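These notes concern the structure reproduced below.
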Amino acid sequence: MAGIVLVGAQWGDEGKGKITDLLADDMDYVVRFQGGNNAGHTIVHGGRVLKLHLIPSGIMYPHITPVIGNGVVIDPKVLLEEMDRLEADGLTTHRLLISCNAHLIMPYHRDLDGASERRLGDNEIGTTRRGIGPAYQDKASRMGIRVQDLTDEHILRKKIEAALVEKNDVLVKVYGLPAYTVDEILEEYMGYASRIVAHMADVSDVVNRALRADQWVFFEGAQGTLLDLDHGTYPFVTSSSPTAGGACTGSGVGPKAIDRVLGIAKAYITRVGSGPFPTELPSDPGSVGEFLTNRGGEFGTTTGRQRRCGWYDGVIVRYAVQVNGLTDLVITKLDVLSDLESIQVCVAYEYEGRRYNELPCRQSIFHHARPIYEELPGWNADISGCRTFDELPKEARDYIGFLEDLAEVPVSIIAVGPSREQTIMRRWERRL
Ligand code: IMP
């Protein structure tokens, strides 16, 4: 059995797409288990830059079956457009499997996401406005519409009718937006139905069979630990479970199926959207914050928003080790720190004279926590050509060692540039 989970150990955008791509040779299945097209995975593959939002990163490998699990919310329009784009790029999407239990994002979900953000004003979450939260809300209130509902026009009509009774009221009376008719949504979604249904599968059964047959299944997380609905910086979180447990509930496998849990973190940290961020750096001209933004290309794949940047936060990553049961760390973008004379790492927080070595569970403390830093020397050398750990300058090796000691798990993979080759594999035994 080889179930391997990859999760973000920070606030997302850690470079999960690249790592999935890197390990793809060893995998038989790549499974998305939560989130939707709020995610954006950039992969540099064969000299081409691919931007994926919904489709698992293994899509470009003919030996991999890409799977969208039940925990994902699917905007069918976006999914079909993404499939069309990949096909136009010469890639085939016919192997894609989609869980019959995955929920659909409906047009009113997108409207409600945008409208509720506008209403929150200064208190907005800073969502991607893709309808993610409202779709999960409907799932939890048992009025969601699922992929399997696309197989039967009569059932789909009934479900849209039932949903619109409430949605139209809210759209019109609360937000002053236009109402939808059942027929317009039905017509649009029946237009997507045949192409989506062609990929529909019992994902739990498929994945469990694969695991029993000793095939390798890679569960590809989206977003990150601190955006988790339960374990993140609530309410500034996404509406799904990007932590490792989500891989089980979002695909229908038991926890014993998971052999290894990789947590991925940048060598610094970024965040998009609102919410607390203790190690955030100002991004004024000439500042370290601006340097990280530009050198790291810190602009969102999905919304193009500039990401907030800060020093590596060891407290957050230690927390991620705990809530995910991480077995390994993957550190990305180490090359971005080259040229800095010294580097700060947050090892604890301070609030009202008290030191916090662990993430304070009270949000109001986390909001006002001041980072306690340790300063490490920079390496002032181009490391993008390094392929082994020993080739890295001593200061870079020490930096990684410091992060390892803080997290108490090994750093098994280090990325020193955007392409597949620019990676140092320290603890990954390739499958024969
Ligand atoms: P939502 O997922 O669109 O509801 O947005 C909720 C929060 O999660 C916002 O702060 C978003 O910026 C953040 N978020 C959602 N998806 C991603 C992602 O893939 N990377 C980073 N942040 C994300």
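The values are calculated or read from the model by the stated rules, or taken from the named source; none is laboratory data. Here the structure is a predicted model, which means the values were calculated and not measured. Note: ideal-geometry Cβ built from the backbone for every residue, glycine included; neighbour counts use all protein chains shown. These area figures cover heavy atoms from the full protein model, side chains too; ligands, DNA and RNA do not enter into them. Shrake-Rupley method; radii C 1.70, N 1.55, O 1.52, S 1.80 Å.
Here the sum of -39500 (n - 2.57) over DSSP H runs of 4 or more residues, divided by the residues of the chain, equals -9000 deg cm²/dmol at 222 nm, to the nearest 500.
Here the dipole of the chain is about 560 debye; that uses its Cα centre as origin and unit charges on the Cβ of Lys and Arg (positive) and Asp and Glu (negative).
Given springs between every Cα pair under 10 Å in a Gaussian network model of the chain, which of P276, P66, P377 has the largest fluctuation? Comparing P276, P66, P377 in a Gaussian network model of the chain, the most mobile one is P377. Per residue, the accessible area of the stretch 226-350 comes to 32 Å² when a 1.4 Å probe rolls over the protein heavy atoms. Helix 182-197 and the longest principal axis of the Cα set of the chain meet at an angle near 60°. Using a probe of 1.4 Å, the accessible surface attributed to F299 totals some 90 Å² when neighbouring protein chains are kept in position. Helix 76-88 and the longest principal axis of the C-alpha atoms of the chain enclose an angle of approximately 70°. Largest GNM mean-square fluctuation across A163, A320, A213, computed for the chain with C-alpha springs under 10 Å, falls on A213. With Cα atoms defining each centre, the stretch 6-42 and the stretch 367-432 are spaced 19 Å apart in the structure. Sorting E429, E341 on solvent-accessible area from highest to lowest, probe radius 1.4 Å, gives E341, E429.
With protein chains left intact and a 1.4 Å probe, residues in the stretch 1-103 average 26 Å² of accessible area per residue.
Binning at 10 Å from 0, report for the chain what percent of all alpha-carbon pair distances ends up in each bin. Computed distribution, short to long bins: 4, 22, 31, 25, 13, 4, 0. Ordered from highest to lowest accessible area with the whole protein assembly present and a 1.4 Å probe, S384, S364 read as S364, S384.
Put simply, the amide H of L97, placed in the peptide plane, has neighbours under 5 Å in V67, I68, leaving out anything fewer than 5 places away on its chain.
For the chain, carbon and sulfur atoms together expose 49% of the accessible surface, with a 1.4 angstrom probe and every protein chain in place. When +1 charges are put on Lys and Arg Cβ atoms and -1 charges on Asp and Glu Cβ atoms, the dipole computed for the stretch 103-196 relative to its Cα centre reaches about 240 debye. What is the distance in Å between the Cα centroid of the stretch 64-112 and that of the stretch 266-289? Using only Cα atoms to place each centre, the spacing works out to 32 Å. A dipole drawn for the chain from +1 and -1 charges on Cβ atoms has a positive end, and of V345, G417, G221 the residue lying farthest that way is G221. Each part reduced to its alpha carbon centroid, the stretch 113-171 and the stretch 334-348 end up 42 Å apart. With contacts taken as Cα pairs under 8 Å at a separation of at least 6 residues, the stretch 23-82 carries a relative contact order of 41 percent. Projecting the Cα positions of S99, G114, I59 onto the charge dipole of the chain (unit charges on Cβ atoms of Lys, Arg, Asp and Glu, taken about the Cα centre) puts S99 furthest along the positive direction.
In this view, the solvent-accessible surface of M60, computed with a 1.4 Å probe and all protein chains in place, comes to about 20 Å².
Highest-first packing order for the peptide set 217-230, 72-85 is 217-230, 72-85, based on the mean count of other beta carbon atoms within 10 Å.
Each residue, A213 and I365, gets one label point 7 Å from its Cα in the Cβ direction; the gap between the two is 5.1 nm. With all protein chains in place and ligands, DNA and RNA left out, the 1.4 Å accessible area ranks V411, V49 as V49, V411, largest first. Using the Cβ of T243 as centre and a radius below 9 Å, the other residues enclosed give a net charge of -2, where K and R count +1 and D and E count -1. The heavy atoms of R157 offer some 80 square angstrom of accessible surface to a 1.4 angstrom probe. In sequence order, the stretch 237-242 has phi-based couplings of 9, 8, 9, 10, 10, x Hz under the Karplus curve 6.51 cos²θ - 1.76 cosθ + 1.60, θ = phi - 60°, and Gly or Pro positions carry x.
For the chain, find the longest principal axis of its Cα atoms and tell me its angle to the long axis of helix 203-212, 0 to 90°, nearest 10. Around 50 degrees separate the two axes.
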